Structures are given as C-alpha cells and as structure tokens.
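Take a look at the structure set out below.
Please treat every number below as a calculation from the coordinates, not as lab data. Computed from a predicted structure; not experimentally measured. Please note: Cβ atoms are built from the backbone with ideal geometry, for glycine as well, and neighbour counts cover all protein chains shown.
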Amino acid sequence: MRRKSRIPPSPLPQRAGVDPVRVRLPAEGPWATVREHLVERLSGAGAGVVDGMFAAGLIVGADGTAVAPEAAYVPGMFVWFHRELPEEVRVPFPLEVVHRDEHIIVVDKPHFLATTPRGSHVAETALARLRRELGIPTLSAAHRLDRLTAGLVLFTVRPEERGAYQTLFRDRLVRKEYEAVAPYDPALALPRTVRSRIVKERGSLTAHEAEGEPNAVSRIELIEHRTDLGRYRLVPGTGQTHQLRVHMNALGVPILGDPLYPVVTGPVPAGDFRRPLQLLARELEFTDPVTGMAHLFRSERTLTAWSCLPQWAGQ
C-alpha cells in the first residue's frame, strides 16, 4: 500500500484572507520543465500570464524561493502562487458572530455572500472576511451554505480539529432547520416528508428529481400563512445540492426569489441585492466533538418577504 505523501506547509502567507494556490505536479507527463506544465494547466489565465508570474518571481517552491521557468519538471513537486484577485462588488451586509470560542466560530451569514472562495467570489466571501476581521488565518469552514441562502455557518479555528466537525455533517449528526417564504397552496397537505432522488449533472446550474432510490429527504411544515403566502419550516435529513429548493419547487411552492427553480432566469448584475432568495438556515444543533458540549444556535434574521413584502419586491 502506497503511503500518502505529506503536504508541506505553504511558504506564502494569505492575501486578503485568501490562501495561495497550491499545485502538485502530476506523477507522469510529457513536460520537461515546471513552466511547460503550468502554461498548459493554467491556459485559461491568458497568454503570457504564467510567463509574467515566473519573471516576477511569484511562483515559489516549498522553501519559499522563486522557481525558475527552466527548472526541471519533478513529479510530485509542489509549487505555490497567489491568484490575481478578481474585481468584486462588496456585499454591503455584515456577518454577525453568533458564537465564538477557542474551537469554533458560528456566524449568521447574509444573503449574497459566498461561504468560501470559488469562481468569481474570492476575497468577498464569509471565510476571507472573517479571517481579515477576526485575525484568524487558520479559520476554515466546516460546511457550506449557498451564496444566495442566509443563515448559520460553522467555522473551525484549529486545522487539526476541522475533520472532527466536518465528520458531524458527513454523518448527519447536525440537526439543521431552515425557514422559507413561498406561495401558499391550501390544497397542499402539510406537514409531510418528501423523499426523492436528486441528481445534479456537471455543468448544469440546476438539480432535478430522477427515477431511482431516494437520496434526499426533507421534512416540510407550514408555520403560518396569509392569503397567498406561506412561511415554512424545512428540516433536511440529507444534504443534496439545492435539495430544499428542488423539493419546494416539486410541491408547487417554489421559494420566493429563486433564480433557478422553477425557471432559470438571466444573471443578476453585480451589485443588485434586491429580492434575495427567501431561504434562511435558522438553526444548527449538535454535540461538540471536541468539548462534548451540546450546542443549539439560532439565527435572528427575518425573511423580508414575510416581514415586508413590498420592501422585498422593491415596490
């Protein structure tokens, strides 16, 4: 059995709360130099970008020294560099710290803020913001919440403890409760438990229900309603992508502000923070795997479409 090689620590510090990119050279390949491989691997960055990084000494090895473009290709070698941060519109809503101790930080994330760096959202993410604002470069996310969903997110302080908290989510040992605002249908019998098979294909924006053994379970309850609007409690038993959004749509009551279900709408311009998705991660409950303490955290946010529909609708 081949022993897994140890990943050396990054020789570069974070920048704006964002980790440097780490690249491990493949075990086999036709490349004679490190440059040849990176030019091919990072071809999407644009012509001349990789050469410019080499010329500026921005690509470094494990000892922190700049790697020369003519450096021989060594299978398994690690190199690091900082990506060019994209232009990002600041999400003008604060992150509220709900709980903080030496092991974990729980925050109440606003709508429109991604949890971790991905794609065009890098420095303007909950993780990068918290690292900057709290001065904790070791902070990591134990799980993710969709960018458009608001509510509670758990972060870990110590890298060696992150796996224990991630295991809680993997093994479904965290009780999560969500709240949503959606149309009210008096013919829809609630509460009910929805079970279906949800599939999300690579490259597709949306997930869909398919034939086969169920892999997604959601408890749907109606908390209260008005003439044509309902406030719902959603308790997922599994964690499939877009699960609650897919199940609510399948019941004929898609969540207000959803740009994907039932119909994919055009991209919203950057800086347009109107009509947020009316989905909130309301509660997180679990037994701390490190301290043994029982935790129950609750978001104090309100969903605007319920508290003031005209304000949410921009009227």
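Dipole check for segment 1-97: with +1 at the C-beta of Lys and Arg, -1 at the C-beta of Asp and Glu, and the Cα centre as origin, the magnitude is about 520 Debye.
Between I223, I105, I255, the residue with the greatest mean-square fluctuation in the GNM of the chain (Cα pairs under 10 Å linked by springs) is I223. Positive end of the dipole of segment 158-236 (Cβ unit charges, origin at the Cα centre): among I198, T167, A180, the Cα lying farthest that way belongs to T167.
Mean residue ellipticity, 222 nm, helices only, the chain: the sum of -39500 (n - 2.57) across DSSP H runs of n ≥ 4, divided by residue count and rounded to 500, is -4000 deg cm²/dmol.
Here the label points at V264 and R192, each 7 Å from Cα along the C-beta direction, are separated by 2.8 nm in the simple model. Inter-label distance, R172 to H208: 2.6 nm, where each label sits 7 Å from its Cα along the C-beta direction.
Considering all projection directions equally, how large on average is the shadow of the alpha-carbon convex hull of the chain, in square nanometres? Working shown, then result.
Numbers: hull surface 80.0 nm².
If you wrap the Cα atoms of the chain in a convex hull and average its projections, you get 20.0 nm².
Shown is the FRET efficiency for A313 and V97, computed with R0 = 30 Å from the Cβ-Cβ distance and rounded to the nearest 0.05: 0.45. Return the single residue from D185, D108, D146 with maximal mean-square fluctuation; model: Gaussian network over the chain, springs between Cα atoms under 10 Å. Among D185, D108, D146, the largest GNM mean-square fluctuation belongs to D185.
If you average the alpha carbon positions of segment 36-81 and of segment 299-315, how far apart do those two centres end up, in angstrom? One Cα centre to the other: 49 Å.
On the beta carbon distance between D51 and D288, with R0 = 45 Å, the FRET formula returns roughly 0.35.
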